[in-house]
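Input: a single structure, listed below in structure tokens.
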Amino acid sequence: MKPRQPTGPLETGASARSAVPLDDAAAALLSSARRIFETEGLPALSVRRVAEAAGCTTMQVYSRFGGKDGLLQALFEEGFEALAAAQQAVPLSLPPAERVRRLCREYLRIAAERPHHYALMLGARSGDFDPPAESRARALRTLTHLVDAVGSALPATPDRAQRARDVAQQILALCHGWATLSATRIVDGSRAVVVDEAVAALLGPQGPDRCTNPGHRP
């Protein structure tokens, strides 16, 4: 299976929101929201707190973002943009199983480096905030990198496309579980080689020799 060139906003690291330049007030508000969110987490984020930190009024938050939910929407999309950019950076020229391994490592890196974004991306909610269907669909398209890589690593069979989707979802569940357990320190996040080995097992005979070897760093 030939690797597919990524298309669409979240696959290439851009979004419909980021394509439209923010004015100075909106940029200041988003920067302040990001800083509060990344250092103190979701509970600390409020319209008044963001406005004060940005030197703006609460009315400017509502006029630019529609309120707290709009800020959360922007942060939600930021998280998936970071994930898409990280996945986009994994070379298509790598052997398929190695590309799967690298995609998984990038997923875990984003989860570790942006824990609050990651929690928001994967279900943390505040009040009535719920990403619109369009944003959820764009976010889900980041999975196509993994599906394509898995498909290339699997044997050529009539059901390879469906099998690739199934295995990619299993790998995603594995990575999410490891990221979550690492965040709560139930497992040692630095031992991500464990994930490499589990991914190789999910890929089957096509994967282990190319996914785990002494040259790979934990």
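The values are calculated or read from the model by the stated rules, or taken from the named source; none is laboratory data. Just so it is clear, the structure is predicted and the values come from calculations on it, not from any experiment. Because the Cβ atoms are built from the backbone with ideal geometry, glycine has one as well, and the counts that use them run over all protein chains shown. Keep in mind that these areas ignore ligands, DNA and RNA; they rest on the heavy atoms of the full protein, side chains included. Shrake-Rupley method; radii C 1.70, N 1.55, O 1.52, S 1.80 Å.
Values as computed for the structure displayed
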item: Selection count where residues are within 25 Å of the chain's Cα centre (by Cα), part of a helix (DSSP H, G or I) and surrounded by 15 or more Cβ atoms within 10 Å (Cβ to Cβ), scope segment 33-63; result: 6
item: The listed residue being within 26 Å of Leu72 (Cα to Cα), open to solvent by 80 Å² or more (accessible area, probe 1.4 Å) and polar (S, T, N, Q), out of Thr184, Thr144; result: Thr184
item: Test: residue in segment 122-129 that is part of a helix (DSSP H, G or I) and either at positive phi or of a type outside the set (Lys, Arg) (or both); result: no
item: Criterion violated by Cys211 - all others in (1) of a type outside the set (Lys, Arg); (2) open to solvent by less than 10 Å² (accessible area, probe 1.4 Å); (3) modelled with pLDDT of 90 or more satisfied; result: (3)
item: Sole residue being among the aliphatic types (A, V, I, L, M) and touching a Phe, Trp or Tyr at 6+ places or on another chain (Cβ under 8 Å), chosen from Leu143, Leu71; result: Leu71
item: Cβ pairs under 9 Å, 6+ apart, first in segment 110-122 and over 14 Å from Glu81 (Cα atoms), second among the basic types (Lys, Arg) and assigned to a loop (DSSP other than H, G, I, E, B); result: none
item: Conditions (1) aliphatic (A, V, I, L, M); (2) free of Cβ contacts under 8 Å to residues at least 60 places away in the same chain; (3) touching a helix residue (DSSP H, G or I) at 6+ places or on another chain (Cβ under 7 Å); (4) more than 22 Å from Val193 (Cα to Cα); number of the one not met by Val147; result: (4)
item: Pairs with Cβ under 9 Å, 6+ apart, first in segment 76-99 and under 21 Å from Phe37 (Cα atoms), second among the aromatic types (Phe, Trp, Tyr) and surrounded by fewer than 20 Cβ atoms within 10 Å (Cβ to Cβ); result: Phe76/Phe129
item: Residue satisfying condition, being assigned to a loop (DSSP other than H, G, I, E, B), modelled with pLDDT under 95 and open to solvent by 70 Å² or more (accessible area, probe 1.4 Å), within set Pro21, Pro6; result: Pro21
item: Filtered residue count, segment 140-187, keeping only those that are part of a helix (DSSP H, G or I), under 17 Å from the mean Cα position of the chain (by Cα) and polar (S, T, N, Q); result: 5
item: Qualifying residue in segment 98-118 (condition: open to solvent by 20 Å² or more (accessible area, probe 1.4 Å), outside any helix (DSSP H, G or I) and of a type in the set (Lys, Arg)); result: yes
